[in-house]
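Asks: Before we start, here is the structure in question, set down as structure tokens.
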Ligand code: CDT
């Protein structure tokens, strides 16, 4: 059997701080229209797709900071995305900064939503693995203050949509095998994942030459080990002096890349994804029910950091 979904991985080139929301949304709309013209049912946008990657700056003025967040979704400027999606009959995944008030307290998250072909929100995901640091670290060429600007999300959920089981993750989540496995255990068939990844990692510059290799390594492994499609979408190119990797691609449950962007600008990579391909991996090598041994995995949820066994000094015989 085949269950096809035509997916567009909608890479964005850089977004500068001076770009207005309306200008940025025009670029997203162009992607939606082009993807629709090419027969797609789903468009996947990057993480924080409505703004520049603002956690690269330490800011103290709350008004300046809050301007980067969406207070409602859809809101006055984003509604056109939902209306266009409904008109074209095309769904989308969108990453953005969310500001919400609960019981009189403000909460800020690095969020993505999945919107159906009717323009209605199907599900929301809040980034679990927030990288970087919480305090200003002036020694860095640029900051990575996600731990300062966002609270972590608490779960990896999946949704029945687009004829399959859909999951969401954001950027740094893709480096953690737990991300894929928790969704794998809920039968996920397609994980959508937007990212903003600088080429240069200030605490580990020795990894810079490997940034694209690591990007593909983690997403291809996550796809194969869980028998799922993975759609990884970059915001790429030189944004405010910070060079970000591209590498947007669509990965099959075999772990193979089946479509990829070749530039660092606005570009679509399109694939006709058969969700039934997942079955051949989920029912053989990665038949979880048959082969997993959760009784041996207790440390995964009971321990956070690594603790090596004590170094026992051998006494002379
Ligand atoms: N946005 C985001 O999560 N970026 C991180 C940078 C970490 S530096 C290795 C990422 O994992 O790509």
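Values in this text are rule-based calculations from the coordinates and carry no lab data. In this text the structure is predicted, and so the values were computed from the model without any measurement. Virtual Cβ from ideal backbone geometry, glycine too; neighbours counted across all protein chains shown.
Asks: I need the Debye-formula profile for the range 39-162: one equal scatterer per C-alpha, no solvent, reported as log10 I(q)/I(0) at q = 0.11, 0.13, 0.14, 0.19 1/Å, two decimals.
Replies: The calculated log intensity ratios at q = 0.11, 0.13, 0.14, 0.19 Å⁻¹ are -0.42, -0.57, -0.66, -1.08.
Asks: Can you sort 58, 224 so the residue with the fewest Cβ neighbours within 10 Å comes first?
Replies: In order of increasing Cβ crowding within 10 Å: 58, 224.
Asks: A further question on this structure: Note the full-extension length gain between residue 16 and residue 312 as 0.36 nm times their separation in residues minus their Cα-Cα distance, in nm to one decimal.
Replies: Once the chain is fully extended between residue 16 and residue 312, it gains 101.1 nm.
Asks: What relative contact order, as a whole-number percentage, does the chain give when Cα pairs under 8 Å and 6 or more residues apart are counted?
Replies: 20
Asks: Sorted by average packing, counted as other Cβ atoms within 10 angstrom per residue and highest first, what order do 279-287, 117-125, 230-238, 94-102 take?
Replies: By packing density, highest mean first, the sequence is 230-238, 94-102, 117-125, 279-287.
Asks: With the Cα gyration tensor of the range 256-307 giving a ≥ b ≥ c as the square roots of its eigenvalues, does the rule (a/c under 1.5 for rounded; else a/b larger than b/c for prolate; else oblate) give rounded, prolate or oblate?
Replies: It comes out oblate by the Cα gyration axes.
Asks: Using Cα-Cα distances under 8 Å and only pairs 6 or more residues apart, what relative contact order does the range 1-130 have, in percent?
Replies: Reported as a whole number, the value is 23 percent.
Asks: Rounded, prolate or oblate, given the Cα gyration tensor of the range 4-302, with a/c below 1.5 counting as rounded?
Replies: rounded
Asks: Going by how many other beta carbons lie within 10 Å of each one, how would you line up 245, 90, fewest first?
Replies: The most exposed by this proxy come first: 245, 90.
Asks: Right, here's the next one. Taking the Cα of residue 238, stepping 7 Å toward and past its beta carbon, and measuring to each backbone N in the range 18-40: which are under 19 Å?
Replies: Within reach of a label on residue 238, which here means backbone N under 19 Å from a point 7 Å along Cα→Cβ, the range 18-40 contributes 18-19.
Asks: Okay, moving on. Okay, helix-only estimate at 222 nm for the chain: each DSSP H run of n ≥ 4 adds -39500 (n - 2.57), divide by all residues, round to 500 deg cm²/dmol; what do you get?
Replies: -6500 deg cm²/dmol
Asks: In addition: What is the distance in Å between the Cα centres of the range 93-139 and the range 193-211?
Replies: Going from one Cα centre to the other spans 22 Å.
Asks: Starting from the Cα of residue 178, step 7 Å along the direction of its Cβ; do the same at residue 291; then give the gap between the two resulting points in nm.
Replies: 2.3
Asks: Now a separate question. Could you tell me the distance between the Cα centroids of the range 266-290 and the range 9-54, to the nearest Å?
Replies: Each part's Cα centre sits 26 Å from the other's.
Asks: If a/c stays under 1.5 just call it rounded; otherwise compare a/b with b/c (prolate if a/b is bigger, oblate if not). Do that for the range 90-223, with a ≥ b ≥ c from the square roots of the Cα gyration tensor eigenvalues.
Replies: Oblate is the answer for the range 90-223, as a/c is 1.5 or above yet b/c matches or exceeds a/b.
Asks: Then there is this: Using Cα pairs under 8 angstrom and six or more residues apart, how large is the relative contact order of the range 229-317, in percent?
Replies: Computed value for the range 229-317: 18 percent relative contact order.
Asks: Let me ask another. Please arrange 278, 249 by counting, for each residue, the other beta carbons lying within 10 Å of its beta carbon, fewest first.
Replies: Placing the least packed residue first, the sequence is 249, 278.
Asks: Test of understanding: what is the full-extension gain from residue 100 to residue 29, defined as 0.36 nm times their sequence separation minus their Cα-Cα distance?
Replies: Taking residue 100 through residue 29 to full extension adds about 23.0 nm, to one decimal.
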